[in-house]
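The values are calculated or read from the model by the stated rules, or taken from the named source; none is laboratory data. What you see is a predicted model; the values in this text were computed from it and never measured. Reconstructed Cβ throughout: ideal geometry from the backbone, glycine too, with neighbour counts over all protein chains shown.
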Amino acid sequence: MSSETLSSTTDVKNLVHPYTNLGDHLNKGPMIIDRGEGIYIYDNHGKRYLEGMSGLWCTSLGFSEERLVNAAIAQFKKLPYYHLFNSRSNTPAIELSAKLLEIAPKNLSKILYANSGSEANDAAVKLVWFYHNAIGKPEKKKIISRLRGYHGVTVASGSLTGLPANHLHFDLPIDRILHTDCPSYYHGAESGESEEAFTQRLINNLEQLILKEGPETVGAFIAEPVMGAGGVIVPPEGYFEGVQKVLKKYDILFIVDEVICGFGRTGMMFGCDTFNLQPDIMSVAKALSSSYLPISATMISQAIYDKIAEQSDEVGVFAHGVTYSGHPICAAVALETIKIYQEDNIVAHVQEVAPHFQKRLHALASHPLVGESRGIGLIGAIELTQDKASKKPFDSSVKIEKRVQENVAKHGVLVRGIRNAIALCPPLIITIEQIDELFDSLEKGLDEVLEDIE
Ligand code: PLP
């Protein structure tokens, strides 16, 4: 048995793969990735792929940034672990916090670390609850999220997520988590409804939901600036402006989930900058360390912090935190990542190449299989349809997105099928030529699937 076959058999025998059809996996086995270089990865047969999804929307600096490797090694040698409990600290966590606050939206002033986006959002939920107890509003605990939103998989963050598969058979969502509309004009507009009218309807629906529940029971609203795993949904003009007015009116905290959008993805440092959002709480992960090591952060305003601090004084402790909160090696790598973003002016690079990315993306709208192309900065998606006029999706038995994904992979590019859409989110360091390589392969893959089903 070759060593490759052996690895594959051992994988199937021992691993539970996240987000995988586990039955299929038994028959098909894994695709084993062996190494990375720039924005490319190589499988264990030596085949090269352009990583059109940055792994899971995360490796912003590609797969071979030496500075991050060196930052990790240096910290490994100096202090491989220390925690932040009981007022202990470590220098990378201290320096990272100062750096993050230097670039973050101005009203955020304190940072709580964890390892994943799910934990960061889980912490956001707990902070909303703790805060409202602290200010004597123990009823104000419900959190409104959105259908198709993605905020993670833990019990609370998985409840915030607005995708059926994350709830079905997992007994989620928990109570006190509500879902309002997804701001997709393509999917949600009524016949003849203008984009403006659609947006206003969604804002009205949000207000109606708050009134129905009782504003005194609604503590927070959470949103990704651009929905990622829900199919890359870019909000329509005026959406967030209207939402923020409603939140202010009813004294509801705004949690912005920047786990995908943060650090340049939308063409500004944060989605908050692109869409003019004023968060009370903001979560970041993924590109915070270019995903070379796991680290996430929940950032909060001074006003929230002050009340939490007061309450913790009363209790005797702020009893939240994980063993690896502010892990020194992860923090050192994240700090170096942000330094690279600043020194290489990653935002300017995104602004330079994104128009070409968006031009190629929008050109696909005329493809017979494509109902809509949408995106901003270096994130985008195409919606596949059986019929452009009626927007009829393919029957799930056609597995259209999987077929496109697999055909594109044959041409050396990895993209991700999500429901009826194909998502793109390449490393931020991608060049104009590599953007062409990505779209040339995507077009070939689409043409082949079209031929196949005609
Ligand atoms: N929030 C958003 C917007 C995400 O896209 C994700 C993951 O894709 C998460 C939260 C959860 O992050 P993690 O998978 O690190 O728990």
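What the table shows:
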{"quantity": "Of all residues making up region 99-152, the number that are away from the ligand (no atom under 16 Å from the Cβ), within 24 Å of Met269 (Cα to Cα) and among the charged types (D, E, K, R)", "calculated": "4"}
{"quantity": "Sole residue being in contact with a helix residue (DSSP H, G or I) (Cβ under 7 Å, 6 or more places away or on another chain) and farther than 27 Å from Ala165 by Cβ, chosen from Leu428, Leu384", "calculated": "Leu428"}
{"quantity": "Residue within region 79-86 that is hydrophobic (A, V, I, L, M, F, W, C) and either closer than 26 Å to Val259 by Cβ or surrounded by 14 or more Cβ atoms within 10 Å (Cβ to Cβ) (or both) present", "calculated": "yes"}
{"quantity": "Residue, surrounded by the most Cβ atoms within 10 Å (Cβ to Cβ), within region 169-181, restricted to residues that are out of contact with any helix residue (DSSP H, G or I) (no Cβ under 6 Å at 6 or more places or on another chain) and part of a loop (DSSP other than H, G, I, E, B)", "calculated": "Arg176"}
{"quantity": "Qualifying strands (runs of 3 or more DSSP E) (wholly inside region 183-295; at least 1 residues being more than 16 Å from the ligand (Cβ to nearest atom), surrounded by 15 or more Cβ atoms within 10 Å (Cβ to Cβ) and at pLDDT 95 or above)", "calculated": "218-223, 253-257"}
{"quantity": "Residue match in region 76-94 (condition: more than 30 Å from Asp436 (Cβ to Cβ), assigned to a helix (DSSP H, G or I) and of a type in the set (Ser, Thr, Tyr))", "calculated": "yes"}
{"quantity": "Within region 332-363, considering residues that are closer than 17 Å to Pro426 by Cα and of a type in the set (Lys, Arg), the one surrounded by the most Cβ atoms within 10 Å (Cβ to Cβ)", "calculated": "Arg360"}
{"quantity": "Residue check for Gly62: in a helix (DSSP H, G or I) and either more than 23 Å from the chain's Cα centre (by Cα) or over 30 Å from Ala319 (Cβ atoms) (or both)", "calculated": "no"}
{"quantity": "Residue in region 387-394 that is surrounded by 23 or more Cβ atoms within 10 Å (Cβ to Cβ) and either in contact with a strand residue (DSSP E or B) (Cβ under 8 Å, 6 or more places away or on another chain) or part of a loop (DSSP other than H, G, I, E, B) (or both) present", "calculated": "no"}
{"quantity": "Residue within region 319-328 that is within 24 Å of Leu96 (Cα to Cα) and in a helix (DSSP H, G or I) present", "calculated": "yes"}
{"quantity": "Residue in region 364-377 that is farthest from Pro426 (Cα to Cα), counting only those that are in a helix (DSSP H, G or I) and touching a strand residue (DSSP E or B) at 6+ places or on another chain (Cβ under 8 Å)", "calculated": "Ala365"}
{"quantity": "Considering residues of region 141-155 that are over 23 Å from Val246 (Cβ atoms) and among the aliphatic types (A, V, I, L, M) only, the residue surrounded by the fewest Cβ atoms within 10 Å (Cβ to Cβ)", "calculated": "Val155"}
{"quantity": "Subset of region 8-39 [surrounded by 14 or more Cβ atoms within 10 Å (Cβ to Cβ), more than 18 Å from Leu414 (Cα to Cα) and either among the aliphatic types (A, V, I, L, M) or out of contact with any helix residue (DSSP H, G or I) (no Cβ under 8 Å at 6 or more places or on another chain) (or both)]", "calculated": "Ser8, Asp11, Val12"}
{"quantity": "Criterion: within 30 Å of Ala331 (Cβ to Cβ) and more than 16 Å from the chain's Cα centre (by Cα) - qualifying residue of Asn115, Asn90, Asn121", "calculated": "Asn90"}
{"quantity": "When residues of region 34-59 are limited to those that are among the hydrophobic types (A, V, I, L, M, F, W, C) and in a loop (DSSP other than H, G, I, E, B), the one nearest to the chain's Cα centre (by Cα)", "calculated": "Cys58"}
{"quantity": "Members of region 43-62 found to be touching a residue at least 40 places away in the same chain (Cβ under 8 Å), more than 16 Å from the ligand (Cβ to nearest atom) and either closer than 28 Å to Ser3 by Cβ or among the aromatic types (Phe, Trp, Tyr) (or both), listed by number", "calculated": "Asn44, His45, Lys47, Arg48, Tyr49, Leu50, Gly62"}
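Quick grid of which residues meet (1) under 30 Å from Ala348 (Cβ atoms); (2) hydrophobic (A, V, I, L, M, F, W, C):
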| residue | (1), (2) |
| --- | --- |
| Thr199 | no, no |
| Ala220 | no, yes |
| Ala229 | yes, yes |
| Val232 | yes, yes |
| Gly238 | yes, no |
| Ile260 | yes, yes |
| Ile281 | yes, yes |
| Val284 | yes, yes |
